[in-house]
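The structure appears right after this line, and notes come after that.
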Amino acid sequence: MKANSIRTGIFFLVLATTMILSAACGESTPAAPAAGSSQEMFMNNCAKCHGLKGLGDGPSVGALRTQAGLNLTITASKSDDELYKTISSGKGSDMPPWELVLTKEQRLDILKYIRTLAVK
Ligand code: HEC
């Protein structure tokens with residue numbers, strides 16, 4: 001009986017530690033799961049701010065200093081070059097630079113994906 005509850009205790013301790021560790025790692029490497037389709041890359045790296053459909057309504061939005069420029073569905077008037085530069089080098093205080101996290105190809109793929117989100 002006693003040994004069992006100790007084992008249960010250890011199990012939950014390990015479980016909690018694993019959960020805390022993975023949460024902490026997720027915090028320090030915001031873009032770790034970069035692989036996959038352009039949609040997956042967008043979901044993993046961008047949607048927390050830009051929203052699943054690019055509307056600028058992601059769950060992290062409340063914590064941002066600026067919420068302007070988050071809506072990616074109204075970028076039609078901006079050139080590929082301009083948006084690519086923003087994705088690569090970041091912008092303002094809250095849009096992170098992605099050139100060290102995503103390859104050039106991945107950034108171009110995501111740009112193409114963003115174009116599909118645009119309001120027609
Ligand atoms: C931490 C929040 C955050 C994350 C994560 C994020 N962005 Fe942004 N992004 C912003 C903010 C804020 C702006 C507006 C910056 C400004 O205009 O000052 C922005 C602007 C942009 C713009 C320019 C839009 C325009 O109209 O000029 C593009 C394109 C963009 N982000 C793409 C991405 C992509 C692609 C990813 C994922 C690889 C991403 N963002 C991840 C916060 C974020």
Could you list, in sequence order, all residues of segment 107-120 that are touching a residue at least 40 places away in the same chain (Cβ under 8 Å) and in a loop (DSSP other than H, G, I, E, B)? Ala118, Val119
Could you please find all residues in segment 54-74 being in contact (Cβ under 8 Å) with a residue 24 or more places away in the chain, touching a helix residue (DSSP H, G or I) at 6+ places or on another chain (Cβ under 6 Å) and not in a helix (DSSP H, G or I)? Gly54
So Val101, is it part of a loop (DSSP other than H, G, I, E, B), of a type in the set (A, V, I, L, M) and within 17 Å of Gly36 (Cβ to Cβ): yes
Enumeration of residues in segment 83-106 that are more than 7 Å from the ligand (Cβ to nearest atom) and free of Cβ contacts under 8 Å to residues at least 40 places away in the same chain: Tyr84, Lys85, Ser88, Ser89, Gly90, Ser93, Pro97, Glu99, Leu100, Thr103, Lys104, Glu105
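Mind checking whether some residue in segment 26-38 is in a helix (DSSP H, G or I) and modelled with pLDDT of 60 or more? Walk me through how you get there before you give the answer.
Applying the first criterion (in a helix (DSSP H, G or I)) to segment 26-38 yields 26-28, 38.
Now restrict to residues that are modelled with pLDDT of 60 or more: 38.
Scanning segment 26-38, I find at least one residue that is in a helix (DSSP H, G or I) and modelled with pLDDT of 60 or more, so the answer is yes.
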Would you be able to tell me the number of residues in segment 48-60 that are within 8 Å of the ligand (Cβ to nearest atom) and either charged (D, E, K, R) or out of contact with any His (no Cβ under 9 Å at 6 or more places or on another chain) (or both)? 4
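When you check Gly69 against the structure, is it over 21 Å from Gly36 (Cα atoms) and exposed (fewer than 15 other Cβ atoms within 10 Å of the Cβ), yes or no? If you could, list the steps in order and put the result at the bottom.
Values: over 21 Å from Gly36 (Cα atoms): yes; exposed (fewer than 15 other Cβ atoms within 10 Å of the Cβ): no.
Answer is no for this residue.
The values are calculated or read from the model by the stated rules, or taken from the named source; none is laboratory data. Treat the numbers as computed from the prediction; the structure is a model and nothing was measured. Don't worry about glycine lacking a Cβ; one is built from the backbone with ideal geometry, like all the others, and counts go over all protein chains shown.
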